[in-house]
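Notes to accompany the following structure.
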Amino acid sequence: MDVFYPLKTGGSKHENLELRYSLRALEKNVSGIGSVFIATEHLPTWLTNVIHLPIPDDIRKVADWNIQHKICRAEGISPDFLFMNDDHFIMQPYHVDTFPNYYHSTLDNYCRRRGKDGYGRRCINSMNWLNEHNLKLLFFDIHYPIVYNLQRFKDLMQQIPWEKEKHGFVIKSLYGNYYHLPGTYTHDNKINHLPVSLPVFSTYNYVKTSIFTYLQQRFPKKSRFER
């Protein structure tokens, strides 16, 4: 099974160190992976042995629109693939074929806590669309990888009224609930302090030096994706 990373143009404040350690963790802890696809306008110069999808971001669109746009143009990727963000760090062994569909709480609970900022409105739009289709409301949009099927993903995205909702939607929750994925409950491990026994964690935009020091200690050797 292949792996897909969308990489925002100019999005890293740390010269893509997040991606470097995400790939080292992926190589060490996830068995059964095939090629790694990275969708971005320009690849970081240190990358090698990846498949580059040269797709720029549309700065007029929200992040989820750009992500789904890049996924739908992922020609040549395996029918099922593991979706990763550059700040997903997998810290324990998995096999890609049995990677869980992680969720935390429900969209309605999350929306009540989040409020009506831009991301909150994307969640509300997604909740409303799922309600209109009498679907569950599990909140899959946590900071974990997820396995998508490319054709099913495309079929669903064609149904979503992106142009009618300027704030957009959250795509993991749409996909997980529309296709009735068997969810695995977990906490959303987005942190900016040293992790303790977390299977997967993510970081904030400004990553503390202690996090990178910890990742260097855990993954000191280059992956096959580094020159």
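The values are calculated or read from the model by the stated rules, or taken from the named source; none is laboratory data. None of these values were measured; they are calculated from a predicted model. So basically every Cβ, Gly included, is an ideal-geometry build from the backbone, and we count neighbours across all protein chains shown. Ligands, DNA and RNA are excluded from the accessible area calculation, which covers all protein heavy atoms including side chains. Shrake-Rupley method; radii C 1.70, N 1.55, O 1.52, S 1.80 Å.
Close Cβ contacts (under 7 Å, 6 or more residues apart or on different chains) running from residues in segment 37-51 that are hydroxyl-bearing (S, T, Y) to residues that are part of a strand (DSSP E or B) comprise T48/E226. Of all residues being of a type outside the set (K, R) and assigned to a helix (DSSP H, G or I) in segment 22-32, which is nearest to F81 (Cα to Cα)? Just the residue, please. Ranking the qualifying residues of segment 22-32, first place goes to L26.
Where residues in segment 4-19 are surrounded by 24 or more Cβ atoms within 10 Å (Cβ to Cβ) and within 14 Å of F37 (Cα to Cα), which of them is farthest from the chain's Cα centre (by Cα)?
Restricting to residues being surrounded by 24 or more Cβ atoms within 10 Å (Cβ to Cβ) and within 14 Å of F37 (Cα to Cα), the top hit is L19.
If the condition is being open to solvent by less than 40 Å² (accessible area, probe 1.4 Å) and either modelled with pLDDT under 95 or under 20 Å from N134 (Cα atoms) (or both), then segment 150-160 contributes F153, L156, M157, I160.
Looking only at segment 176-227, residues that are hydroxyl-bearing (S, T, Y), open to solvent by less than 60 Å² (accessible area, probe 1.4 Å) and under 17 Å from the mean Cα position of the chain (by Cα) come to 4 in all.
Of all residues in segment 85-138, those satisfying the criterion of being among the acidic types (D, E) and over 30 Å from V30 (Cβ atoms) are D108, D117, E132.
Would you confirm, using the coordinates I've provided, whether D141 is within 20 Å of N66 (Cβ to Cβ), part of a loop (DSSP other than H, G, I, E, B), under 16 Å from the mean Cα position of the chain (by Cα) and of a type in the set (D, E, K, R)? Before the answer, list the steps.
Numbers: within 20 Å of N66 (Cβ to Cβ): yes; part of a loop (DSSP other than H, G, I, E, B): yes; under 16 Å from the mean Cα position of the chain (by Cα): yes; of a type in the set (D, E, K, R): yes.
Spelling it out, D141 is indeed within 20 Å of N66 (Cβ to Cβ), part of a loop (DSSP other than H, G, I, E, B), under 16 Å from the mean Cα position of the chain (by Cα) and of a type in the set (D, E, K, R).
Looking only at residues in segment 63-84 that are open to solvent by 40 Å² or more (accessible area, probe 1.4 Å) and assigned to a loop (DSSP other than H, G, I, E, B), which one is farthest from S31 (Cα to Cα)? Looking at the filtered set, the residue picked out is R73.
When I59 is tested against the conditions (1) surrounded by fewer than 18 Cβ atoms within 10 Å (Cβ to Cβ); (2) among the aliphatic types (A, V, I, L, M); (3) modelled with pLDDT of 95 or more, the lone failure is (3). Tell me, which residue of segment 184-200 that is at pLDDT below 95 and part of a strand (DSSP E or B) is nearest to I142 (Cα to Cα)? The extreme case among them is K190.
Applying the condition of being open to solvent by 40 Å² or more (accessible area, probe 1.4 Å) and part of a strand (DSSP E or B) to segment 85-104 and asking which residue is nearest to K13 (Cα to Cα) yields Y103. Taking the criterion of being of a type outside the set (S, T, N, Q), closer than 15 Å to S223 by Cα and assigned to a loop (DSSP other than H, G, I, E, B), the residues of segment 33-47 that qualify are I33, G34, P44, W46.
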